[in-house]
1. How far apart, in nm, are the 7 Å Cα→Cβ label points at residue 22 and residue 75?
2. Within a Cβ distance under 13 Å of residue 147, other residues only, what is the Lys/Arg minus Asp/Glu net charge?
3. Normalised by the number of residues in segment 1-130, what is the relative contact order in percent for Cα pairs under 8 Å and 6+ residues apart?
4. Report the local net charge at residue 136: Lys and Arg +1, Asp and Glu -1, summed over other residues whose C-beta lies under 15 Å from its C-beta.
5. Among 39, 4, 121, whose Cα sits farthest toward the positive end of the charge dipole of the chain (+1 at Cβ of Lys/Arg, -1 at Cβ of Asp/Glu, about the Cα centre)?
6. Compute the length gained on full extension between residue 153 and residue 53: take 0.36 nm times their separation in residues and subtract their Cα-Cα distance, giving the result in nm to one decimal.
7. Could you please tell me the mean projected area of the C-alpha convex hull for segment 31-110, averaged over all directions and given in square nanometres to one decimal?
8. At most 15 other C-beta atoms within 10 Å and a DSSP loop state: those are the exposed trypsin sites (Lys or Arg not before Pro) I care about. Give me the longest piece of the chain that has none.
Amino acid sequence: LPDGFEGMYEPNAGYLYSERGVAAYKRAALEAGAGLLTNTFVTDIVPDAGGVTVRTKDNIFHAGKVLISAGAWFKRLEPFISLPIRSVRKVVGWFETEGNGFDSGVFPGFTLGTKDGGYYGFPSIDGKGLKIGRHDTGVEWKPGEELAPFGFYPEDEGDLRRALSAFMPGAA
């Protein structure tokens with residue numbers, strides 16, 4: 001790393017297998033008696049004296065509280081809820097590495113702040129390659145639009161590879 005960079009080691013840090021986590025929460029909710037209404041279009045959200053009323057295309061629901069998990073579709077909830085959130089297409093890449101110096105158990109997860117941008121990543125887990133993505137940048141995306149595949153924009157791979165070449169050449 002260049003002179004002037006600082007590092008921090010956090011021995012209790014790690015990574016999550018997010019898909020497994022979501023599946024576990026779904027399973028626990030169903031076992032507790034919850035009903036999951038996926039792909040249900042919300043048409044209105046109104047706070048009232050008893051909590052919240054949520055209207056969908058086919059039903060009306062009342063609850064003391066509501067948790068909104070709309071992801072990139074959040075803007076579709078306006079005018080009911082307005083937050084300064086914008087949807088952007090974010091890319092990550094997995095790169096083969098030389099040797100095992102970037103393997104989990106040897107190499108940590110990382111964040112990297114450079115004059116050219118902010119990056120994050122994880123070691124190669126089970127030989128799948130070092131993962132790297134950007135914290136900043138991203139192409140504006142509107143819900144319903146088709147997402148361009150990785151490599152559609154030259155910077156998809158180019159930005160990631162430039163950071164690896166500069167800071168982790170054995171993974172570039």
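1. 2.1 nm
2. Details: positive: 89, 90, 142; negative: 140, 145, 146, 156.
Neighbourhood net charge equals -1.
3. 14 percent
4. So the environment of residue 136 carries a net charge of +1.
5. Projecting each Cα onto the dipole axis, the largest value belongs to 39.
6. Full-extension gain reported as 31.8 nm.
7. Working: hull surface 39.0 nm².
So the mean shadow area of the Cα hull is 9.8 nm².
8. 1-56
Quick note: the coordinates plus some simple rules give every number you see, no bench work behind them. If you're wondering where the values come from, they're calculated on a predicted model, not measured in any experiment. Positions of Cβ are backbone-derived with ideal geometry, glycine not excepted, and every protein chain shown enters the neighbour counts.
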